[in-house]
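Asks: Have a look at this one before I ask anything.
The values are calculated or read from the model by the stated rules, or taken from the named source; none is laboratory data. Keep in mind the model is a prediction, meaning the values are calculated, not measured. A quick note on method: Cβ atoms are made from the backbone with ideal geometry, for glycine too, and the neighbour counts reach across all protein chains shown.
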Amino acid sequence: MAQPPVIAVVGPTGSGKSDLAVSLALELDGEVINADSMQFYRGMDIGTAKITPAERRGVPHHLLDTLDVTQEASVSDFQQEARELISGIHARGKRAILAGGSGLYVRAALDVLEFPGTDPAVRRSLEGELEQAGPEALLARLRDVDPVSAGRVSDARRIIRALEVHQLTGRPFSSYMPQREYYQPTVQVGLSVDREALRERLALRVHRMVDQGLLAEVRRLDAAGLRSGKTAPRALGYAQFLRVLDGVATVAEATEDTIVATRQFARRQLTWFRADPRISWLDWQAPDLTAQAAAVCVNDAG
């Protein structure tokens, strides 16, 4: 028998993806696969708005709490793990439901996408050059070999990755960018938001996180090595509240900085997902949202 399409619930942070994924799973007999890269981390619960066991309502969830904060999240590892989970869920006769707003991770699971390898020695050499010559020198090199990537990247980590790929493969990093071609039949449901309402919701959510103990969570994770990780310490809220621990920001300042950064992130997510014409957009506040989404999942396949 043909496998049912993978379901993906996407949209900006704070739009209700986790809740809709659970409701769909209950409606369609499914299991949820997390595609929020910061929810991989054990202990990063309050600041990532990680769905609680009670909120999961008995629905199996996968790829939550799989990494320590000192470990680096890997899109290529996620791709392999997510696809294995999808196959296993479908083999059990269930529906696989991917939920999350980390755009590249969603694309890695759903689309035909090749990941070039890595080489620690090459990476260390480039990091040494970065320390000596600075990011502008490396960016100038990248412009020579891969002007497309040079126009897209801004931080040193991505510049190093693009140069590493070119050095290892002889191909520009930009040539590995995904095409809009599904790896297997897929239905994407996007949550269309009222932007002003979302702005207010995100501010309230950050204040709630602070009230729930975000600073104490960051302090515990700092003691567990948060700063030594390459991915986790850059997470929204955690980067800002580490500054409180360092005595260079107040809780009020870190709260406001987190609200601003979260709103900016939500705008970037909307831009990313709006660029994908395959997504079926539904009103995030529709009273029959689950029924609408279930109808899309039953009737459509990419």
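Here is a yes/no grid of residues against (1) closer than 21 Å to residue 188 by Cβ; (2) charged (D, E, K, R):
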{"position": "14", "(1), (2)": "yes, no"}
{"position": "20", "(1), (2)": "yes, no"}
{"position": "25", "(1), (2)": "yes, no"}
{"position": "29", "(1), (2)": "yes, yes"}
{"position": "51", "(1), (2)": "yes, no"}
{"position": "55", "(1), (2)": "no, yes"}
{"position": "61", "(1), (2)": "yes, no"}
{"position": "65", "(1), (2)": "no, yes"}
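Asks: Does residue 8 fit the bill of being outside any loop (DSSP other than H, G, I, E, B) and within 18 Å of the chain's Cα centre (by Cα)?
Replies: Working: outside any loop (DSSP other than H, G, I, E, B): yes; within 18 Å of the chain's Cα centre (by Cα): yes.
Criteria met by residue 8.
Asks: Exactly one condition in (1) among the hydrophobic types (A, V, I, L, M, F, W, C); (2) farther than 22 Å from residue 49 by Cβ; (3) part of a helix (DSSP H, G or I) is false for residue 248; which is it?
Replies: Evaluating residue 248 over (1) among the hydrophobic types (A, V, I, L, M, F, W, C); (2) farther than 22 Å from residue 49 by Cβ; (3) part of a helix (DSSP H, G or I) leaves (3) as the failure.
Asks: Do the conditions hold for residue 271, that is, is it touching a residue at least 24 places away in the same chain (Cβ under 8 Å) and either surrounded by 15 or more Cβ atoms within 10 Å (Cβ to Cβ) or closer than 22 Å to residue 193 by Cβ (or both)? Walk me through how you get there before you give the answer.
Replies: On the way: touching a residue at least 24 places away in the same chain (Cβ under 8 Å): no; either surrounded by 15 or more Cβ atoms within 10 Å (Cβ to Cβ) or closer than 22 Å to residue 193 by Cβ (or both): yes.
No.
Asks: Give me the helices (runs of 4 or more DSSP H) completely within segment 66-154, filtered to those with at least 2 residues that are touching a residue at least 12 places away in the same chain (Cβ under 8 Å) and among the β-branched types (Val, Ile, Thr), ordered by residue number.
Replies: By residue number, 75-91.
Asks: Of the residues that make up segment 283-297, is at least one in contact with a Phe, Trp or Tyr (Cβ under 9 Å, 6 or more places away or on another chain), buried (at least 17 other Cβ atoms within 10 Å of the Cβ) and modelled with pLDDT of 95 or more?
Replies: The answer is no, given that none of the residues of segment 283-297 is in contact with a Phe, Trp or Tyr (Cβ under 9 Å, 6 or more places away or on another chain), buried (at least 17 other Cβ atoms within 10 Å of the Cβ) and modelled with pLDDT of 95 or more.
Asks: Among the numbered criteria (1) aliphatic (A, V, I, L, M); (2) in contact (Cβ under 8 Å) with a residue 40 or more places away in the chain; (3) surrounded by 14 or more Cβ atoms within 10 Å (Cβ to Cβ), which single criterion is violated by residue 251?
Replies: Unmet for residue 251, out of (1) aliphatic (A, V, I, L, M); (2) in contact (Cβ under 8 Å) with a residue 40 or more places away in the chain; (3) surrounded by 14 or more Cβ atoms within 10 Å (Cβ to Cβ): (3).
Asks: Would you mind stating whether residue 48 is of a type in the set (Val, Ile, Thr), within 24 Å of residue 221 (Cβ to Cβ) and under 12 Å from the mean Cα position of the chain (by Cα)?
Replies: Judged against the criteria, residue 48 is a match.
Asks: Within segment 210-224, how many residues are assigned to a helix (DSSP H, G or I) and under 19 Å from residue 69 (Cα atoms)?
Replies: Total meeting the criteria: 10.
Asks: Tell me which residues, restricted to segment 156-203, are touching a Lys or Arg at 6+ places or on another chain (Cβ under 7 Å), surrounded by fewer than 18 Cβ atoms within 10 Å (Cβ to Cβ) and part of a helix (DSSP H, G or I).
Replies: Of everything in segment 156-203, just one residue is touching a Lys or Arg at 6+ places or on another chain (Cβ under 7 Å), surrounded by fewer than 18 Cβ atoms within 10 Å (Cβ to Cβ) and part of a helix (DSSP H, G or I), namely 199.
Asks: Return yes or no: is residue 39 polar (S, T, N, Q), modelled with pLDDT of 95 or more and surrounded by fewer than 21 Cβ atoms within 10 Å (Cβ to Cβ)? Please lay out each step first, then the result.
Replies: Details: polar (S, T, N, Q): yes; modelled with pLDDT of 95 or more: yes; surrounded by fewer than 21 Cβ atoms within 10 Å (Cβ to Cβ): no.
Judged against the criteria, residue 39 is not a match.
Asks: Within segment 137-144, is there a residue that is under 19 Å from residue 66 (Cα atoms) and either at pLDDT 95 or above or in contact with a His (Cβ under 9 Å, 6 or more places away or on another chain) (or both)?
Replies: No, segment 137-144 has no match at all.
Asks: Quick one: count up the residues across segment 261-302 that are under 23 Å from residue 29 (Cα atoms) and part of a helix (DSSP H, G or I).
Replies: Selection size over segment 261-302: 11.
Asks: Would you mind finding the one in 20, 26 that is among the hydrophobic types (A, V, I, L, M, F, W, C), surrounded by fewer than 18 Cβ atoms within 10 Å (Cβ to Cβ), assigned to a helix (DSSP H, G or I) and touching a residue at least 12 places away in the same chain (Cβ under 8 Å)?
Replies: None of the other options fit; the residue is 26.
Asks: Checking the conditions here, which among 49, 73 is at pLDDT 95 or above and outside the structural domain of residue 228 (by TED's automatic domain parsing)?
Replies: Just a single option satisfies the conditions, and that option is 49.
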